[in-house]
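Derivation of every value follows stated rules applied to the coordinates shown; laboratory data play no part. The model shown is predicted, which means the values in this text are computed figures rather than measured ones. Virtual Cβ from ideal backbone geometry, glycine too; neighbours counted across all protein chains shown.
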Amino acid sequence: MSRKTVHIENFGCQMNKLDAQLVASAFEEAGFGLSQSVKDADVVLINTCSVRQNAEQRVISHLGHLKHIKESRPDIIVGVIGCMAQRLGEELFEHKAVDIVCGPAQIPKIVELATQAIKEKTKQLAVTEKIRKENQSEELEDFESAYGADGRGNSANAFVRVMRGCNNFCTYCIVPYVRGPEVSRPPKAIVEQVKHLACGGVKQVTLLGQTVNSYKYIAGEKTYCLADLFEMLSEIDGIEWLKFVTSYPSQEFFVPILKAMADLPKVCKYLHMPPQSGSDRILKAMNRKYTSAEYLDLLVKAREIVPDIAIAGDFIVGFPGETEDDFQCSISLLKKAEYKNSFIFKYSPRPDTAAEKRLADDVLPEVKKKRNIGLLAEQEKNSDKFSQKFFGKEVRVLVDGPSKKAKISSNEMGQLQLVGRTEQDCIVIFEGLRSLTGSFAKVKITRTSPLTLFGELI
Ligand code: SF4
């Protein structure tokens, strides 16, 4: 039998990208080849996201495309994994293309499911009714430890999950239902994983968690928080930058985390902490557990302890019941927060969440659109101001590689347009040799725009 191949397509957040990497490693270890396209693959897996309606719609339309391919290649196995698989379960088999449905807590079983689907030509279902229990399984931890250390992708840059799930139950969010409750991974397993990554040439590790700042692991008398992880990981030779996303606005562990950022040179001075709204009424309806004043106090504290910190936020516009006054509160908070950048989303109801069940989606689409544009316009002013501070300065950049628009430049030195990021997560574009990919470079900033810095290699 010739070597089978698998093609994995990913939708959604960084957490999903990481899952896709773990799954790819597991298939490789089982002897499968990885395929860059559906055309050559025996197994096609779609790693799905349920956070926004739009992401689910894209998956459904992609399944339509796969159904056509399956008509001419009936042996191809199509699997849906990730959040949408957990949310919809067996229902996904109504779609003709689908052979495997596997939720996030079941991904350690994915190779076995695919092998069975190939051999037996039967549909395979692995989702759980008991997300609480499954999310805490040793199997999941073993899977993470086994495959989380091969530094797939850009070899200088790796993502490491420090916790799974979320306990917050924001009323608009599906994550606690499909990813289960918060489970922090043992610090020892994380340290071992990062040591392996460092040996493989990784220089920057981004620690991932839905609410990464609530990382908490109790071992005997000691409670480990994210600041302890920073300290332990800072000791690892080869690792130069530690980043972490995403933080929930909360007092718990906040000061120790900030102090670690200020004291430990490897911890990057970048904080992504979404407020979601500036209106206390809407924050309450969202079940966010802070007021806008409390949120802004956290930012003041962050800037006191880490003066050069860069802060990013997320907002949802058009949440049920959001009035023009509520929206103006978001504008006001965004201005006061002086974010480096913000991600702004239009509310869409997610099935089975509290907001979907109890609150009417009563803000008109055109009003959501207008508010989205309004917040983005305000943010652009903030981002521009933030970027301008770097004009004429030298920054240290970890080079991702050629930019999407990279072309050989006219100086005939074989230089390409490269892209990298600073420790404050600013995107920097400059010219240099491809061989700089994965290393640190010093760049002098000669031009700025709201979201990008442009410069010259020093
Ligand atoms: S904190 Fe809220 S928005 Fe974030 S993952 Fe948890 S429930 Fe969802």
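Odds and ends about this structure:
- Modelled spin-label separation between Asp384 and Lys284, with each label point placed 7 Å from Cα along the Cα-to-Cβ direction: 3.7 nm.
- Beta bridges per DSSP, both residues in the range 138-388: antiparallel share near 20 percent.
- Label-to-label distance, nm, for residues given as Leu364 and Glu304 (7 Å Cα→Cβ offset): 4.5
- The relative contact order of the range 390-458 comes to 36 percent, based on Cα pairs under 8 Å that sit 6 or more residues apart.
- Magnitude of the charge dipole for the chain, about its Cα centre and with charges confined to Cβ atoms of Lys, Arg (+1) and Asp, Glu (-1), is about 820 debye.
- Listed residues Val6, Phe27, His95: farthest to the positive end of the dipole of the range 5-130 (Cβ charges): His95
- Between the range 160-219 and the range 383-458, the Cα center-to-center distance that results, in Å: 30
- Rel. contact order, % - alpha carbon contacts under 8 angstrom, at least six apart, the chain: 9
- The chain - mean residue ellipticity at 222 nm from DSSP helices (-39,500 (n - 2.57) per run, n ≥ 4, rounded to 500): -11000 deg cm²/dmol
- Cys residues of the chain that find no other Cys beta carbon under 4.7 Å: Cys13, Cys49, Cys83, Cys102, Cys166, Cys199, Cys225, Cys268, Cys329, Cys426.
- With the charge dipole of the range 138-388 set up from +1 on Lys and Arg Cβ and -1 on Asp and Glu Cβ about the Cα centre, the Cα lying farthest toward the positive end among the listed residues Ser342, Leu375, Val306 is that of Leu375.
- Packing-based ranking of 217-224, 398-405 yields 398-405, 217-224, ordered from highest to lowest mean Cβ neighbour count within 10 Å.
- Among Lys346, Lys243, a tally of other beta-carbon atoms within 10 Å of each Cβ gives an order, fewest to most, of Lys346, Lys243.
- Alpha-carbon centroid distance for the pair the range 237-313 / the range 1-45, whole angstrom: 35
- Residues Val255, Val6 arranged by fewest to most Cβ contacts within 10 Å: Val255, Val6
- By the Stokes-Einstein formula, at 0.692 mPa s and 37 °C, the range 212-321 with its Kirkwood radius over alpha-carbon pairs has D equal to 218 µm²/s.
- For Lys404, the lysines whose Cα comes closer than 22 Å to its Cα, not counting residues fewer than 8 places off in the same chain, are Lys17, Lys442, Lys444.
- Using a simple spin-label model with pseudo-atoms 7 Å out from Cα toward Cβ, Ser449 and Glu338 lie 2.5 nm apart.
- Projecting the Cα atoms of Thr48, Asn16, Gln328 onto the dipole axis of the chain, where Lys and Arg carry +1 and Asp and Glu carry -1 at the beta carbon, places Gln328 farthest toward the positive end.
- Cross-link table Lys335/Lys368; Lys243/Lys289; Lys4/Lys39, entries beyond 22 Å C-alpha to C-alpha: Lys243/Lys289
- Dividing the convex hull volume of the alpha carbon atoms of the range 394-457 by its residue count gives 78 Å³ per residue.
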